[in-house]
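The values are calculated or read from the model by the stated rules, or taken from the named source; none is laboratory data. Quick caveat, the model's predicted, so the values are computed rather than measured. Note: ideal-geometry Cβ built from the backbone for every residue, glycine included; neighbour counts use all protein chains shown. With ligands, DNA and RNA removed, areas are computed over all heavy atoms of the protein, side chains included. Shrake-Rupley method; radii C 1.70, N 1.55, O 1.52, S 1.80 Å.
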Amino acid sequence: MEPNLCVEIAGLKLKNPVMVASGTFGFGDEYAPLVDLSRLGAIVVKSVTLHPTAGNRPPRVCETPSGMLNSIGLQNPGLDVFLGEKLPVIRRFGAPVIVNIAGKTVEEYTELARRLDGIPGVAALEVNISCPNVKEGGIAFGADPGIAGQVTRSVRRATGLPLIVKLSPNVTDITAVAREVEAGGADAISLINTLTGLAIDAERRRPVLGNTTGGLSGPAIKPVALYMVWRVRQAVKLPLIGMGGITNATDAVEFFLAGASAVAVGMYNFVEPAAAVSVIEGLRNYLIRHRIPGVGQLVGAMTTG
Ligand code: RRO
């Protein structure tokens, strides 16, 4: 029997629960020659800010023995170019487009949400309150539960689009942030963004990255991400989109078992551009092999004790 891969997240019907994570897939165009983008559950685009953003000093990425560090610093062409040049291309690929937004102030987030509301081809918003690499905005909103709730509430008032808020792992209690985001009117929560880290070049006695610190991603962070999905699952009712170190279908299944209703492939897109498609195929095989009728039956199905 063909298993059911469809999921509904935040009122958004997806043909399968596997997305590509923001920042690891640009605006889709570079991947189009390499991957059948119409297979993806959704594409989450690189964070868009109100104005063009140049990003941080290079080097912006480096490999460590246990993951990738990035400090891109929100580089993107700004909302006008996104709407005029990027969205018309990416919406033609046949996967729902989720627009990740980032601002320096609550007003900027709100303005972005207002201007994206009702734009054809925008399926949902993902509010990035978790960028670890910029001084203003980003994590400053995601580290304080009250401010996270305030941003969510303000964006909620500005848009009828499905609203996903992306949380940071760089906090003491992620459940406190999740609860405020839920109270603020979000429709779903995505987690986790990258974990702040530092790579040092011992010979030069300098940081490797131009911005000194960066966000760690890749398989090293998967146990942290699974733990946080599992914790947040118990704290809120909202559907969760789980990510952090997913490279294959087994990783994805683990996120469903921890309580995610959908997943995203992040850093591994850089290693294998078609990784998300392999995850979709492997997930289908897993459901067939275990005689599970649909992915929904896996969500939160880990048993303990
Ligand atoms: O652009 C970045 O440096 C960046 C962002 Br906005 C984010 O949300 N997470 C990350 O690891 N890098």
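Listed values, structure above:
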| quantity | calculated |
| --- | --- |
| Some residue of the range 232-239 being among the small types (G, A, S), assigned to a helix (DSSP H, G or I) and open to solvent by less than 30 Å² (accessible area, probe 1.4 Å) | yes |
| The range 28-49, residues that are in contact (Cβ under 8 Å) with a residue 60 or more places away in the chain and within 14 Å of the ligand (Cβ to nearest atom) | V44, S47, V48, T49 |
| Test: T213 is surrounded by fewer than 18 Cβ atoms within 10 Å (Cβ to Cβ), part of a helix (DSSP H, G or I) and out of contact with any Cys (no Cβ under 9 Å at 6 or more places or on another chain) | no |
| Residues (surrounded by fewer than 22 Cβ atoms within 10 Å (Cβ to Cβ), in contact with a helix residue (DSSP H, G or I) (Cβ under 9 Å, 6 or more places away or on another chain) and either of a type in the set (V, I, T) or at pLDDT below 95 (or both)) located in the range 147-186 | I147, T159, V171, T175 |
| Selection within the range 254-265 - part of a helix (DSSP H, G or I) and either under 17 Å from L14 (Cβ atoms) or free of Cβ contacts under 8 Å to residues at least 24 places away in the same chain (or both) | F255, F256 |
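Here's the yes/no breakdown for (1) under 26 Å from T194 (Cβ atoms); (2) touching a residue at least 40 places away in the same chain (Cβ under 8 Å):
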| site | (1), (2) |
| --- | --- |
| L83 | no, no |
| V106 | yes, yes |
| L112 | yes, yes |
| G118 | no, yes |
| N128 | yes, yes |
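The rows are residues; the columns are (1) in a helix (DSSP H, G or I); (2) of a type outside the set (K, R); (3) closer than 21 Å to G121 by Cβ.
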{"site": "E8", "(1), (2), (3)": "no, yes, yes"}
{"site": "K13", "(1), (2), (3)": "no, no, yes"}
{"site": "F25", "(1), (2), (3)": "no, yes, yes"}
{"site": "A32", "(1), (2), (3)": "no, yes, yes"}
{"site": "S38", "(1), (2), (3)": "yes, yes, yes"}
{"site": "N56", "(1), (2), (3)": "no, yes, no"}
{"site": "L69", "(1), (2), (3)": "no, yes, no"}
{"site": "V81", "(1), (2), (3)": "yes, yes, yes"}
{"site": "E85", "(1), (2), (3)": "yes, yes, yes"}
